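The values are calculated or read from the model by the stated rules, or taken from the named source; none is laboratory data. No experiment lies behind these values; they were computed from the predicted model shown. Ideal geometry is used to build each Cβ from the backbone, glycine not excepted, and the neighbour counts take in all protein chains shown. Just the protein is used for accessible areas: all its heavy atoms, side chains included, with ligands, DNA and RNA removed. Shrake-Rupley method; radii C 1.70, N 1.55, O 1.52, S 1.80 Å.
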Amino acid sequence: MTLYRAVPWDILQQLFKTKKINNHVLHFSATCRSGLDFLRLTQAVSLLSDSFPLIRCNLRIQKEMPVWCDGGYTPDELVSLIEKEDCGAEQNNFLMQEIDERYGPQMKIGLFKASGKDVLCIIMNHMLCDAAGFKEVLYRLASLYTALETGTEIKNCSMMTDRTVAQISGRLPLKKRFGLYFHREKLSPRGNQQFSFEGNPAAPFIERRVVSKDMLAYIKKYAADHKATVNDVFMTAYIRVLAAVFGTPDILPCAIDVRRFLHDRQTVGICNLVTTISCDIGQELPASFEDTLSRVKNCMDTRKNDPSCMKNLVLLEKLFKLVPFGTAFVFLKKVFNNPPVSFTNIGILDKQKLTFGTTDMTDAFMTGSIKYPDYFQISLSTFGEKADCCVNLYGTENDRQIVGSFLDTLIESIRCHCTHY
């Protein structure tokens, strides 16, 4: 039986669910014209599991350190086909399901065929990777499918070479690497703003808002004219809408991919390489959107380019290396806190890399874990010429209306300032 050692971030993701912060499921959904071949898809998944065997594993808790144990799951257990005139309810149910790390598989794929179009829904255990890693897995799946369709030679490609942050921190100069341990970076940056949701553990939902092609073009131009990024614009609107709800601005914790410190951003293993930094514009909200954007840009330019943000990841790995697993887990469970309000930018879903043979995707979005109340996170992903804002929550219908209203206000704030300045 093949075993693979779990890395500390795998355990931290498990802790998120243990502490009722969020489940650990990543979500992807894409629509294309009818044409995806189910048999070829299962063959591609078989090849993918050889490159990244963790998707067919179960987590086994051991005294020294948990391990991933190959469960021998076949592609038929990972991939399902649903053919109906209307698959909407089934697609939603598929995306909302849990993944249990103890009883795999750790990845599930649903191919839904209905009324002249195909929808591909994929969920993966967040313990295996972050959104950037998930994208690499999806790109690999698409390339394998394409190779099978075209008869192209398929080269062996391990996605398991190194799953630790050492592949990045180890490239820093010795002085900077050593300095990470003593940097004043906060271990758990968080603000004081917090929603109060009714919550319903039996009713997970993903509330989605699509930013149209025209509006995204306006946002990109507005950002460029202000020497900012699209990410800066969304964070600015987020901070201002939060300030309107809670009466004052607060720091906004946001996820950052530390692959940015690699020259080509390419790692040698699928894993979690995300940490959290805080955007702090001060306790007074600037009068204008533009002034707020300027503060957000200045703060983010400084924070996201400072390697010290890796401190949390480096300390996490050091903890599990020096302290017995059980002791380390209990300590981490006691001291770790997650921000109640946060933001994550999943980034661009590469349309070319998501082409399955002759079938290209016409619409796609990705979003992260589903939060337990009262945690609240907005995720942003971009595909083609459109973007998606999502909030995922275990909540009541009333909670969903609150979330939907917040997203509508956020989008309207951006529209007003980016299309009429």
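Could you tell me whether segment 195-287 comes out rounded, prolate or oblate from its Cα gyration tensor? Rule is a ≥ b ≥ c as square roots of the eigenvalues, rounded for a/c under 1.5, then prolate if a/b exceeds b/c, otherwise oblate. Because its axes are fairly even, with a/c under 1.5, segment 195-287 counts as rounded. For the peptides 316-327, 269-280, 352-363, the ranking by packing is 269-280, 352-363, 316-327, with the highest mean count of neighbouring Cβ atoms within 10 Å listed first. Plainly put, segment 203-362 has a radius of gyration that is 1.01 times its Kirkwood radius, both from alpha-carbon atoms, as the Rg/Rh ratio.
Once the 1.4 Å probe is applied to the protein heavy atoms, the chain comes out at 44 Å² accessible per residue. If every alpha-carbon in segment 100-139 counts as one equal scatterer, what log10 I(q)/I(0) does Debye give at q = 0.19, 0.30 1/Å? The Debye formula, applied to the Cα set alone, gives -0.64, -1.02. Using the average count of surrounding beta-carbon atoms within 10 Å as a protection proxy, the listed peptides 309-315, 377-383 rank, highest first, as 377-383, 309-315. With a length cut of 27 Å (Cα positions projected on each helix's long axis) and a Kyte-Doolittle mean of at least 0.0, go through the chain and give me the DSSP H helices that pass. Correct list, ordered by number: 131-150.
In terms of overall dimensions, the C-alpha atoms belonging to segment 23-162 reach 52, 37, 25 Å along their principal axes, ordered largest to smallest.
In straight-distance terms, cross-link reach from Lys371 covers every one of the aspartates and glutamates whose alpha-carbon lies under 19 Å from its own, apart from those fewer than eight places away in the same chain; here that gives Asp10, Glu98, Asp100, Glu101, Asp130, Glu198, Glu207, Asp388, Glu397, Asp399. Note on segment 231-273: Rg/Rh from Cα positions, Kirkwood definition for Rh, rounded to two decimals, is 1.21. The separation of segment 357-396 from segment 255-302, counted between C-alpha centres, amounts to 19 Å.
The alpha-carbon of Lys117 sits under 26 angstrom from the alpha-carbons of these lysines, leaving out residues fewer than 8 places away in its chain: Lys84, Lys108, Lys135, Lys213, Lys351, Lys353, Lys386.
Considering only beta bridges that DSSP places wholly inside segment 63-169, some 60 percent are antiparallel.
Shape analysis of segment 300-421 based on the Cα gyration tensor places the equivalent ellipsoid semi-axes at 33, 22, 18 Å, largest first.
Of all accessible surface on the chain at a 1.4 Å probe, what whole percent is carbon and sulfur? Heavy-atom surface of the chain belonging to carbon and sulfur, 1.4 Å probe: 51 percent.
Does segment 17-78 come out rounded, prolate or oblate, given a ≥ b ≥ c as the square roots of the eigenvalues of its C-alpha gyration tensor, rounded meaning a/c under 1.5 and, failing that, prolate meaning a/b above b/c? Here segment 17-78 falls in the oblate category. Taking the square roots of five times each eigenvalue of the Cα gyration tensor of the chain, the equivalent ellipsoid has semi-axes of 32, 28, 21 Å, listed largest first. Per-residue 3J(HN,Hα) values for segment 123-130, derived from phi via the Karplus relation 6.51 cos²θ - 1.76 cosθ + 1.60 with θ = phi - 60°, read 10, 9, 5, 5, 4, 7, 6, 8 Hz in sequence order (x marks Gly and Pro). Surface calculation, 1.4 Å probe, protein heavy atoms: Ser46 sits at approximately 40 Å² accessible.
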